[in-house]
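Colleague: Starting off with a structure, shown below.
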Amino acid sequence: MASEKEFEEAVRLIIQSVGEDPSREGLLKTPERVRKAYEFMYGGYKEDANEILNSALFTSSNDEMVVIKDIELYSTCEHHLLPIIGRAHVAYIPDGKVVGLSKIPRVVNVFARRMQIQEQLTEQIADAIMQTIKPKGVAVVIQARHMCMEMRGVEKINSTTTSSALRGLFKSDEKTRAEFFSLINAPVGNRY
């Protein structure tokens, strides 16, 4: 792994390569700021989703769908290192265990804060929940904008990519799947 100094030198080289002067006043501290931003944006490599989920597992008789909707996510396209901005909708059907609600968005962040493709991100979230909580089923839908499509290439502004990962009852039972999609597609009313 590169040292802080090596990382910052690489950023200076990028700045220079695009035609800027890395010694210009406004850019003097940019390499350090970029390094710190990357440490945060890619913090998911240092976190373990299973550990997060296991830290708040509780016995419960609930066996009805739990849905956490509209979880903001920010990731980075692994092909161009440009932002992916979107929302995740996550549901599971408990089988003797429930997880603290805040842990689901944290798991989304673990995988979003890595270089990613949206399809893999969706699968990783579903698989981590399925493996750790062992519910009757898991559903994950992500709707996101990809700056690699908007800022460059085809330049299709505001196009949305939707991906899903269904496990257990969400895959095998049509009624369960329909209930999930009905819930995540329902208009949002008052936010209490």
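Colleague: Carbon and sulfur together cover what percent of the accessible area of the range 57-192 at a 1.4 Å probe radius?
Modeller: 51
Colleague: With +1 on each Lys and Arg Cβ and -1 on each Asp and Glu Cβ, how big is the dipole of the chain about its Cα centre, in debye rounded to the nearest 20?
Modeller: Roughly 340 debye, rounded to the nearest 20.
Colleague: How big is the gap, in Å, between the Cα center of the range 1-46 and the Cα center of the range 78-135?
Modeller: 29
Colleague: Of LYS29/LYS103; LYS46/LYS175; LYS134/LYS175; LYS5/LYS46, which sit over 29 Å apart, Cα to Cα? Kindly include the intermediate steps, with their values, before the conclusion.
Modeller: Numbers: LYS29/LYS103 35 Å; LYS46/LYS175 38 Å; LYS134/LYS175 20 Å; LYS5/LYS46 20 Å.
Long pairs (Cα-Cα over 29 Å): LYS29/LYS103; LYS46/LYS175.
Colleague: Which length gain, in nm to one decimal place, applies between GLU51 and LYS134 when the Cα-Cα distance is subtracted from 0.36 nm times their residue separation? Numbers along the way, then the final one.
Modeller: Working: separation 83, 0.36 × 83 = 29.88 nm, distance 1.41 nm.
That works out to 28.5 nm of additional length.
Colleague: Can you classify the range 1-102 as rounded, prolate or oblate using the Cα gyration tensor, where a ≥ b ≥ c are the square roots of its eigenvalues, rounded means a/c under 1.5, and otherwise it's prolate if a/b beats b/c and oblate if not?
Modeller: On the way: a/c = 4.26, a/b = 2.78, b/c = 1.53.
Judged from the Cα gyration tensor, the range 1-102 comes out prolate (a/c at least 1.5, a/b above b/c).
Colleague: Name the residue, out of ARG106, ARG12, ARG114, whose mean-square fluctuation peaks in a Gaussian network model built on the chain with Cα pairs under 10 Å.
Modeller: ARG12
Colleague: Tell me which label goes with the value of Cα Rg over 2.2 N^0.38 Å computed from the coordinates here: [x] 1.11; [y] 1.03; [z] 1.21.
Modeller: Checked against the structure: label [z].
Colleague: Against the 2.2 N^0.38 Å scaling, with N counting residues, where does the range 90-192 land? I'd like the Cα-based Rg ratio to two decimal places. Kindly include the intermediate steps, with their values, before the conclusion.
Modeller: On the way: Rg = 15.2 Å, N = 103, 2.2 N^0.38 = 12.8 Å.
That works out to 1.19 for the range 90-192.
Colleague: Next question, about the same structure. Residues of the range 1-140: accessible area per residue at 1.4 Å, in Å²?
Modeller: Details: 7710 Å² over 140 residues.
That works out to 55 Å² for each residue.
Colleague: Oh, and also: I need the peptides 166-177, 28-39, 90-101, 131-142 ranked by packing, meaning the mean over residues of other C-beta atoms within 10 angstrom, with the highest value on top.
Modeller: Working: 166-177: 16.6, 28-39: 14.0, 90-101: 19.2, 131-142: 22.2.
My ranking of the peptides, most packed first, is 131-142, 90-101, 166-177, 28-39.
Colleague: Further question on the same structure: Looking at the chain as a GNM with Cα springs under 10 Å, which of ASP63, ASP21, ASP127 has the largest mean-square fluctuation?
Modeller: Residue with maximal mean-square fluctuation among ASP63, ASP21, ASP127: ASP21.
The values are calculated or read from the model by the stated rules, or taken from the named source; none is laboratory data. The structure displayed is predicted, hence computed values, not measured ones. Every residue, glycine among them, receives a Cβ derived from its backbone with ideal geometry; neighbour counts consider all protein chains shown. Ligands, DNA and RNA are stripped out before the accessible areas are found, and what is left, the full protein with its side chains, is counted by its heavy atoms. Shrake-Rupley method; radii C 1.70, N 1.55, O 1.52, S 1.80 Å.
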